[in-house]
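No lab work stands behind these numbers, since they all come straight from the coordinates. Given the structure is predicted, the values throughout are model-derived calculations rather than measurements. All Cβ positions, even for glycine, are placed from backbone atoms using ideal geometry, and neighbour counts span all protein chains on display.
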Amino acid sequence: MLVVYPGSFDPITLGHIDIIKRISNKFDQVIILVANNENKKTVFSLDERLNLIKQSLKESGVRTKKNTEKSNIRIEKHSGLLVDFVKQEDCDFIIRGLRRASDFDIEYDMARLNKHISGVETLLVSADPKFTHIASSYVKEIAKYGGDISGLVPEIVAQSIKQKF
Ligand code: ADP
């Protein structure tokens, strides 16, 4: 089965990486899809976010298609409706992560909407308790004021954020 794990990944965190590791062990193929949403202001550009994902996975010992043909993980970017990408690539499921009840409210609505407009199904994967407190937005806020973000993001991301702020 082919699944797509979409997100802003601004930037990728250890929570995202945990989900990627877990789903890539369960499904034949995984596409990590970086959203190019013009309405959402991001700290990292689309290419920076893609690069950070590539380097972070390498740092975490996760192989991607670019590194080796044996990998079942691809990293792609997309503008426009997620469901259009899902149909174009013939993905079986959209994967989203759930950290807490407030995530559920949003994700459940999105899952229902995507199902309604396209028939595409979403699987919600619960975050590992070790990572439920991690969000890209918190990481950026802490980094902006010089706080310590080690243990929240891969080392390469921590270095890149320091350069940004
Ligand atoms: P978006 O802007 O689309 O929500 P994010 O990059 O913030 O993109 O998140 C992508 C997906 O990863 C979402 O389903 C989100 O709930 C999930 N996610 C974010 N942080 C974590 C975490 N710490 N553990 C597990 N899942 C997470």
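Across q = 0.10, 0.16 Å⁻¹, the chain modelled as identical point scatterers on its alpha-carbon atoms has Debye log10 I(q)/I(0) values of -0.35, -0.95, in the order of the q list.
Each of the GluC sites (Glu not before Pro) that DSSP puts in a loop and that has at most 10 other Cβ atoms within 10 Å breaks the chain; the longest unbroken stretch is 70-165. With neighbours defined as other Cβ atoms within 10 Å of a residue's Cβ, the residues ASP105, ASP90 order from fewest to most as ASP90, ASP105. Close amide H partners of SER126, meaning residues 5 or more places away or on another chain with modelled amide H under 5 Å apart, are LEU98. Think of it as helices only: each DSSP H run of n ≥ 4 in the chain is worth -39500 (n - 2.57), and spread over all residues that comes to -13000 deg cm²/dmol at 222 nm.
Length gained on full extension, GLU59 to ASN39, computed as 0.36 nm times the residue gap minus the Cα-Cα distance: 4.1 nm.
For GLU89, neighbours were defined as the other residues whose beta-carbon sits under 15 Å from its Cβ, and their charges (Lys and Arg +1, Asp and Glu -1) total -2.
The trypsin sites (Lys or Arg not before Pro) of region 23-71 that DSSP puts in a loop, and whose beta carbon has at most 13 other beta carbons within 10 Å, are LYS26, LYS40, LYS41, LYS66, LYS70. With N counted as the residues of region 55-135, its alpha-carbon radius of gyration over 2.2 N^0.38 Å works out to 1.28. Counting every other Cβ atom within 10 Å of each residue's Cβ, TYR145, TYR108 order from fewest to most as TYR145, TYR108. Rounded to the nearest 20 debye, the dipole magnitude of the chain is 360 debye, with +1 charges on Lys and Arg beta carbons, -1 on Asp and Glu beta carbons, and the Cα centre as origin.
Arranged from fewest to most other beta-carbon atoms within 10 Å of their beta carbon, PHE104, PHE131 become PHE104, PHE131. If I fit a long axis through the Cα atoms of helix 101-118 and take the longest principal axis of the Cα atoms of the chain, what angle between them do I get, 0 to 90°, rounded to 10? For 101-118 against the chain, the angle is about 40 degrees. Across region 2-132, Cα pairs under 8 Å and at least six residues apart give a relative contact order of 30 percent.
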